[in-house]
Every structure is written in C-alpha cells, then in structure tokens.
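Have a look at the structure below, then the notes.
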Amino acid sequence: MTVAAQQALALRACLRKGTAQLPARFYADAARHVDVAWRMSTGADLNHPGVVGRRTPRIRLLNSYVTRAHRAAHVDPTLARTFMRVANLVDPPETSLKPATVARILWRSRGIDLPSE
C-alpha cells in the first residue's frame, strides 16, 4: 500500500508537469519506489535459510546489519524510530547508514551503553 501511495504521488507530480511523455516520466519515477521496496523485501527473504536464492556478499552484509539494527532497536528508542521509518518506507534505507546511526547500532546491538550515556 505504501508503494501504491508513493506511485500516486509520483503520478500527481508528473501530471503537474503536463502530459508530454507522461508514461515514460511516470514509470521512471514509479520504478524508483518499487525498486526500493523490492530490494528490501527480497534481501530480507534471503536472511532465512530455507529461502532459495543467491546470497551475494552485499546481501549477507546488509542482512547482518539489519539483524543488528533490529536487536539494537529493542533497547534504543531512537534506533527503533529510525528502523520503523525505514521499514515502513517513510525514510530511504540510506538513513540507517549515517555514521552516527551505524555507530549507535554497533554499540547497542552488543548491549553496550553509548559512551555519552
């Protein structure tokens, strides 16, 4: 549903710019939203051993990181908010790769309080 809503917003933006090349402009913009959701869901599926699929080093690294982020979000409200905003496609996945967030995830996923706390 989120992707459908994002596509509706993309269509509205395209229509505001006129109808010239409308299908090409809309599908190019809509593809960005579909691609993000598709990569997130297929990558998450590959975190389960029973799922058949190629696990590239990138997929393994990202799934390990997401597992740590999930663990850290259980004890850190700031990370929980970030995790949920990304998982619900409010913010792009890159949000969870900001240096401060990465450090927080690495610390918290090990059960370590942050140095400033």
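The values are calculated or read from the model by the stated rules, or taken from the named source; none is laboratory data. The shown structure was predicted, so the numbers you read here are calculated from the model rather than taken from an experiment. Here Cβ is always computed from backbone atoms with ideal geometry, including for glycine, and neighbour counts include all displayed protein chains. We work out accessible area using only protein heavy atoms, side chains counted, and drop any ligands, DNA or RNA first. Shrake-Rupley method; radii C 1.70, N 1.55, O 1.52, S 1.80 Å.
List pairs: first in the range 90-117 and at pLDDT 90 or above and part of a helix (DSSP H, G or I), second of a type in the set (Lys, Arg) and surrounded by 15 or more Cβ atoms within 10 Å (Cβ to Cβ), Cβ under 6 Å, 6+ apart or cross-chain?
Ile105/Arg68
Taking Arg58 as the residue in question, decide whether it is within 15 Å of the chain's Cα centre (by Cα), closer than 29 Å to Ile105 by Cβ, open to solvent by 90 Å² or more (accessible area, probe 1.4 Å) and not hydrophobic (A, V, I, L, M, F, W, C). So that I can check it myself, show each step before the final result.
Details: within 15 Å of the chain's Cα centre (by Cα): yes; closer than 29 Å to Ile105 by Cβ: yes; open to solvent by 90 Å² or more (accessible area, probe 1.4 Å): yes; not hydrophobic (A, V, I, L, M, F, W, C): yes.
Yes, satisfied.
Give just the number: which of (1) over 28 Å from Met1 (Cβ atoms); (2) modelled with pLDDT under 95 does Ala20 not satisfy?
The single condition Ala20 does not satisfy is (2).
When you scan the range 25-47, how many residues do you find that are open to solvent by less than 60 Å² (accessible area, probe 1.4 Å) and more than 21 Å from Arg60 (Cβ to Cβ)?
Selection size over the range 25-47: 5.
Condition test on Val51, is it more than 30 Å from Arg16 (Cα to Cα) and touching an Asp or Glu at 6+ places or on another chain (Cβ under 7 Å)? Even if it seems obvious, please write down each step before you answer.
Working: more than 30 Å from Arg16 (Cα to Cα): yes; touching an Asp or Glu at 6+ places or on another chain (Cβ under 7 Å): yes.
Spelling it out, Val51 is indeed more than 30 Å from Arg16 (Cα to Cα) and touching an Asp or Glu at 6+ places or on another chain (Cβ under 7 Å).
What's the number of the condition Gly53 fails, among (1) surrounded by 12 or more Cβ atoms within 10 Å (Cβ to Cβ); (2) outside any helix (DSSP H, G or I); (3) of a type in the set (Gly, Ala, Ser)?
(1)
Give the residues of the range 82-107 that are open to solvent by 60 Å² or more (accessible area, probe 1.4 Å), closer than 17 Å to Leu61 by Cβ and among the hydrophobic types (A, V, I, L, M, F, W, C), sorted by residue number.
Of everything in the range 82-107, those that are open to solvent by 60 Å² or more (accessible area, probe 1.4 Å), closer than 17 Å to Leu61 by Cβ and among the hydrophobic types (A, V, I, L, M, F, W, C) turn out to be Leu97, Leu106.
If we keep just the residues of the range 69-82 that are out of contact with any Ser or Thr (no Cβ under 7 Å at 6 or more places or on another chain) and not in a loop (DSSP other than H, G, I, E, B), which is nearest to His33 (Cα to Cα)? Step through it out loud before you land on a result.
Looking only at the range 69-82, we keep the residues that are out of contact with any Ser or Thr (no Cβ under 7 Å at 6 or more places or on another chain), and these are 70, 73-81.
The next check asks that each one be not in a loop (DSSP other than H, G, I, E, B); those that pass are 70, 73, 77-81.
On the way: His70: 23, Ala73: 25, Pro77: 27, Thr78: 25, Leu79: 23, Ala80: 23, Arg81: 21 Å.
Filtering first and then ranking leaves Arg81.
Quickly run through the range 30-55 and pick out the residues that are under 28 Å from Pro99 (Cα atoms) and over 16 Å from the mean Cα position of the chain (by Cα).
His48, Arg55 - these are the residues of the range 30-55 that are under 28 Å from Pro99 (Cα atoms) and over 16 Å from the mean Cα position of the chain (by Cα).
With the requirement that a residue be closer than 28 Å to Ala5 by Cα and polar (S, T, N, Q), what does the range 33-66 give you?
Result: Ser41, Thr42, Asn47, Asn63.
Given the criteria touching a Lys or Arg at 6+ places or on another chain (Cβ under 8 Å) and under 16 Å from Ser109 (Cβ atoms), does Arg71 qualify? First the steps, then the outcome.
Values: touching a Lys or Arg at 6+ places or on another chain (Cβ under 8 Å): yes; under 16 Å from Ser109 (Cβ atoms): yes.
When the stated conditions are applied, Arg71 passes them.
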